[in-house]
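The values are calculated or read from the model by the stated rules, or taken from the named source; none is laboratory data. Worth saying up front: this structure is predicted, and the values here are computed from it rather than measured. Cβ atoms come from the backbone with ideal geometry, glycine included; neighbour counts cover every protein chain shown.
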Amino acid sequence: MSEADWLALRVTLALSAVTTGVLLVLGTPLAWWLARSRSRLAVVLESVVALPLVLPPTVLGFYMLVLLGPRGPVGGTLEALGLHHLAFTFTGLVVASTVYSLPFMVQPLKDAFAAVGGRMTEAAATLRAGPWDRFFTVVVPLSRRGFLTALTLTFAHTVGEFGVVLMVGGNIPGETRVLSIAIYDHAEALDYASAHVLSGGLLAASFLLLLAVYAVNRRYRMLHP
């Protein structure tokens with residue numbers, strides 16, 4: 001691997017870690033509300049959350065670029081305040097990746113929270129446990145498999161992003177150039193050896209992450225039939 005590829009790896013890991021952390025904070029209460037709410041708005045919001053699953057990445061990336069760029073609502077506001085817009089920056093990548101990977105965090109958590117049901121939390125409430133206490137001492141431990149799946153899928157999905165990060169971040173070495181873009185650059189330059197090294201590494205890492213998740217879930221089901 002060249003120095004540029006190591007930089008791409010560092011940017012990729014940083015982007016995946018930050019995106020996963022942000023989505024854990026934002027996605028957990030959203031998933032809890034979707035799992036518990038009976039509002040008609042929940043159906044609409046759930047559809048919005050799942051939209052990145054079916055929307056072409058370039059479409060989402062284009063609208064995120066417009067939103068975060070100097071003439072967009074967010075980027076334009078930042079420019080008016082004397083700040084820099086978010087297009088072609090690492091921060092912009094984090095914002096775009098958070099939107100793009102949102103369903104990979106929210107959906108596993110929502111299913112895990114729904115499986116807990118209300119009986120356990122109601123029992124805790126009878127023991128005078130407050131809402132926060134019930135959530136962290138009852139719901140979270142019973143949903144740990146959902147958290148493991150959500151964290152793993154979000155991280156792995158962010159590592160493999162291409163269309164969205166290319167549209168929003170471009171290809172700036174050390175700033176927005178991630179591994180998926182580096183692979184594309186190597187293939188375009190007919191440097192298949194370097195492309196094989198990066199692609200093989202991502203393939204192996206993705207497989208091992210999924211293998212770990214499925215192994216843990218399978219062991220849990222065997223211990224708790």
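What the table below lists for this structure:
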| quantity | calculated |
| --- | --- |
| Long-range neighbours under 6 Å by Cβ, at least six apart or interchain, first residue under 25 Å from L209 (Cβ atoms) within the range 130-150, second modelled with pLDDT under 80 and surrounded by fewer than 16 Cβ atoms within 10 Å (Cβ to Cβ) | R145/N217; R145/Y220 |
| Boolean, S206 is closer than 20 Å to L15 by Cα, of a type in the set (S, T, Y), part of a helix (DSSP H, G or I) and without any contact (Cβ under 8 Å) to a residue 24 or more places away in the chain | no |
| Failed criterion for P70 (all others in (1) in a helix (DSSP H, G or I); (2) at pLDDT below 95 hold) | (1) |
| Set S199, S194: member being at pLDDT 90 or above, over 24 Å from the mean Cα position of the chain (by Cα) and either surrounded by 15 or more Cβ atoms within 10 Å (Cβ to Cβ) or outside any loop (DSSP other than H, G, I, E, B) (or both) | S194 |
| Filter result for L60 (in contact (Cβ under 8 Å) with a residue 12 or more places away in the chain, aliphatic (A, V, I, L, M) and farther than 18 Å from A150 by Cα) | yes |
| Candidates A14, A4, filtered to the one that is of a type outside the set (D, E) and touching a Phe, Trp or Tyr at 6+ places or on another chain (Cβ under 9 Å) | A14 |
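Every residue, every condition in (1) outside any loop (DSSP other than H, G, I, E, B); (2) at pLDDT below 90; (3) out of contact with any Lys or Arg (no Cβ under 9 Å at 6 or more places or on another chain); (4) crowded, with 21+ Cβ neighbours inside 10 Å, yes or no:
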residue	(1), (2), (3), (4)
E79	yes, yes, no, no
G82	no, yes, yes, no
L93	yes, no, yes, yes
S97	yes, no, yes, yes
P103	yes, no, yes, yes
P108	yes, no, no, yes
D111	yes, no, yes, no
